[in-house]
């Protein structure tokens, strides 16, 4: 599933030189539409740790009336895609919401109840404090129903989910953004740490809608360097898995 974002890319990602854009267009043509617009994908990631359990990282854009409906191509296909591999919503034991933007958390709730009824939903305390202060449709439509159902867990810092699977804070895009690291730095499920291939070509390139662009760039550069030789999983890239 993709959505064309038609704002000028040099406005959305300031600081990228024209020659860098030329190089990225040649290397990743599927990231661009016919008029050069950004084609935004919406991937979610299911992890099955060797010790058992099922971890879902992000819930995508959600149902028809989700908080993402004003701008994203709802309804999403997450529940149907899980069914295709034999996973029912009841089978998911942990949901990690990398951050509380509508295209990452919108699929956690439908008709006012959790979509994944048996799951703990993990969010950084810092992210919840930020959203509680800001308000908005994700707070009303996702966070409050999860709280009322007793399904929301606030975490502070790194958290081990299973042997070889852990959450780590990756702030900048939002104050409490988090990612999931698998193995010995083998796979990073990165949320919006990297939004566009141009940020793989140059991690210093920022994004207009980062809450703290400098912090986001520093976090991105550090994690990509740490991941060297591993695999990046990112929701908005044209390919969901990228060798780093």
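Site pair residue 201 and residue 225 shows an inter-label distance of 2.2 nm when each label is modelled 7 Å from Cα along Cα→Cβ. Scaled to the globular estimate 2.2 N^0.38 Å, the Cα spread of segment 143-244, given as radius of gyration, is 1.10. Once the C-beta distance of residue 184 and residue 156 is scaled by a Förster radius of 22 Å, the resulting FRET efficiency is 0.35 to the nearest 0.05.
Ranked for footprinting exposure by Cβ neighbours inside 10 Å, fewest first, 85, 61 give 85, 61.
Looking at the square roots a ≥ b ≥ c of the eigenvalues of the Cα gyration tensor of segment 192-244, which shape do they give, rounded for a/c under 1.5, prolate if a/b is larger than b/c, or oblate?
Note, shape of segment 192-244 comes out oblate.
Annotation: for a label point projected 7 angstrom from Cα along Cα→Cβ of residue 148, residues of segment 91-110 with backbone N closer than 14 Å are 109-110. Counting beta carbons within 10 Å around each of 174, 59 and listing the fewest first gives the order 174, 59. Sorted fewest first by neighbouring Cβ atoms within 10 angstrom, 241, 116, 13 come out as 241, 13, 116. The spread of Cα positions in segment 2-243, taken along each principal axis and listed from longest to shortest, comes to 50, 39, 38 Å.
Mean projection of the Cα convex hull over all viewing directions, computed for segment 1-107: 8.7 nm². Each residue, residue 80 and residue 211, gets one label point 7 Å from its Cα in the Cβ direction; the gap between the two is 3.3 nm. Using alpha carbons only, how many angstrom separate the centre of segment 109-163 from the centre of segment 17-44? About 32 Å separates the Cα centre of segment 109-163 from the one of segment 17-44. Label separation (residue 91 vs residue 130): 3.3 nm, computed from points 7 Å beyond Cα along the C-beta direction.
Throughout, read-outs are computed from the coordinates displayed, never taken from laboratory work. None of these values were measured; they are calculated from a predicted model. Here the Cβ is made from the backbone with ideal geometry for all residues, glycine too, and neighbour counts use every protein chain on show.
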